[in-house]
1. Identify all residues within the stretch 288-303 that are assigned to a loop (DSSP other than H, G, I, E, B) and over 16 Å from Val247 (Cα atoms); write none if there are none.
2. Return the only residue of Gly180, Gly260, Gly206 being outside any helix (DSSP H, G or I), within 30 Å of Gly94 (Cβ to Cβ) and touching a residue at least 40 places away in the same chain (Cβ under 8 Å).
3. Here are Pro199, Pro167: which of them is closer than 17 Å to Ala265 by Cβ, touching a residue at least 40 places away in the same chain (Cβ under 8 Å), in contact with a Pro (Cβ under 9 Å, 6 or more places away or on another chain) and not hydrophobic (A, V, I, L, M, F, W, C)?
4. As an exercise: evaluate Val244 against (1) under 30 Å from Gly91 (Cβ atoms); (2) in contact with a helix residue (DSSP H, G or I) (Cβ under 6 Å, 6 or more places away or on another chain); (3) in a helix (DSSP H, G or I) and give the number of the one condition it does not meet.
5. Restricting to the stretch 263-287, give me the number of residues that are out of contact with any strand residue (DSSP E or B) (no Cβ under 7 Å at 6 or more places or on another chain) and outside any helix (DSSP H, G or I).
6. Could you please tell me which pairs satisfy a Cβ distance under 8 Å, a separation of 6+ or placement on different chains, a first residue in the stretch 244-255 that is over 14 Å from Gly206 (Cα atoms), and a second residue that is open to solvent by 30 Å² or more (accessible area, probe 1.4 Å)?
7. Please determine whether any residue of the stretch 250-272 is touching a Phe, Trp or Tyr at 6+ places or on another chain (Cβ under 9 Å) and under 21 Å from Ala162 (Cα atoms).
8. Looking at Thr69 and the list (1) buried (at least 20 other Cβ atoms within 10 Å of the Cβ); (2) touching a Pro at 6+ places or on another chain (Cβ under 8 Å); (3) hydroxyl-bearing (Ser, Thr, Tyr), which single condition is not satisfied?
Amino acid sequence: MSQVMAPLAARGRGWIQRQFLEPDRPTVAIEVRASSVGVLRVRRDKRRLAVNAAAVMELPPGTLSLSLTQPNILDVPRFRQAVHGALERAGILGGAKVALVLPDAAARVALVPAVEVPTRKAAEIDELLRFRLRKSIPFEVREARLAYALAGDRSADTIVAATAFGPVVDQYEEVCRSLGLEPGLVEIAGLALARAAFPPPASGEGLLVNWDEGYVTIVLTRNGWPILLRTLSGGSVASPGDVVREVSSTLIYYRERLGGSGVTAAFVRSAVFPPDDAVEALAPVVGFVPAVLDAWTTLGGAPAEVSQGLAAAAASLGAPA
């Protein structure tokens with residue numbers, strides 16, 4: 001059974017535990033956003049990956065409602081039809097193993113001190129994390145999909161733990177399977193994008209803002225590993241001014257409570273607000289103009305019309321080992 005993946009692994013082994021051209025690695029990704037669903041297909045070109053096809057279908061209003069605790073797909077037939085249409089445009093007829101990239105607002109990510117999980121046995125880590133997270137997630141922990149990633153062996157390190165309500169993930173997976181697809185990997189957009197923004201061996205202190213419809217995720221990293229992650233939704237990020245204020249308050253917390261020495265690299269993925277306008281709006285609080293995130297470098301470049309809308313799909317498929 002696939003999991004909601006925290007797509008990170010131990011330092012020294014890259015951020016994910018898989019080979020770049022592993023034979024059974026998905027070459028198709030489906031990225032779900034609040035008002036659209038997109039499909040990205042890549043091909044193996046000698047020892048590299050390259051974009052083969054990309055397609056995005058808009059979702060009619062009322063098709064999807066992002067939630068941690070409730071079914072996200074309100075109109076299953078319309079959602080399935082949109083996924084089918086995107087697959088057809090991308091030339092995918094079924095039978096594929098896919099990476100399923102979900103919005104950040106459909107899952108919760110926690111950073112757990114490694115000292116609270118004093119074991120390296122997978123079953124024990126799972127059990128201890130569920131115990132540790134049981135009061136911080138708004139659903140029964142036994143019904144959670146859980147995935148985690150270890151930063152290292154030092155007690156000061158943190159574990160990145162991603163949880164999602166099982167029935168929420170099941171609903172997305174069932175649509176995929178009804179179309180002849182098998183979700184081999186499920187992950188959330190923000191963590192996939194963070195992997196693309198800060199590939200190993202990253203150093204210094206970094207900021208990523210994933211600005212999408214209905215939510216914004218703010219990730220701060222130290223030497224490539226997350227030290228703070230916030231996902232905000234609804235009225236708190238309803239306007240560009242709201243987003244700027246939230247990024248500003250997050251950076252203040254980072255400096256005052258996390259010993260931040262200053263962000264040295266900053267990236268923005270903006271799929272709902274023009275990217276150039278987004279980075280200009282954030283420049284005063286960051287201290288310099290952030291870069292628009294390019295998640296497509298390992299795939300040889302992006303089709304212009306989907307460069308931001310399918311950025312997380314590109315990050316999922318193009319992750320270096």
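The values are calculated or read from the model by the stated rules, or taken from the named source; none is laboratory data. Here the structure is a predicted model, which means the values were calculated and not measured. Because the Cβ atoms are built from the backbone with ideal geometry, glycine has one as well, and the counts that use them run over all protein chains shown. The protein model used for the area step is the full one, side chains on, heavy atoms only, and it has no ligands, DNA or RNA in it. Shrake-Rupley method; radii C 1.70, N 1.55, O 1.52, S 1.80 Å.
1. Leu293, Asp294, Ala295, Trp296, Gly300, Gly301, Ala302, Pro303
2. Details: Gly260 fails: within 30 Å of Gly94 (Cβ to Cβ); Gly206 fails: within 30 Å of Gly94 (Cβ to Cβ).
Residue meeting the stated conditions: Gly180.
3. Values: Pro167 fails: closer than 17 Å to Ala265 by Cβ.
Being closer than 17 Å to Ala265 by Cβ, touching a residue at least 40 places away in the same chain (Cβ under 8 Å), in contact with a Pro (Cβ under 9 Å, 6 or more places away or on another chain) and not hydrophobic (A, V, I, L, M, F, W, C) holds for just one of Pro199, Pro167, which is Pro199.
4. That leaves (1) as the condition not met.
5. Residues in the stretch 263-287 being out of contact with any strand residue (DSSP E or B) (no Cβ under 7 Å at 6 or more places or on another chain) and outside any helix (DSSP H, G or I): 2 in total.
6. Pairs that qualify, where the first residue is over 14 Å from Gly206 (Cα atoms) and the partner is open to solvent by 30 Å² or more (accessible area, probe 1.4 Å), are Val244/Ala281; Val244/Pro284; Val244/Val285; Glu246/Arg230; Glu246/Ser236; Ser248/Val285.
7. Taking every residue of the stretch 250-272 in turn, at least one turns out to be touching a Phe, Trp or Tyr at 6+ places or on another chain (Cβ under 9 Å) and under 21 Å from Ala162 (Cα atoms).
8. Thr69 satisfies every listed condition except (1).
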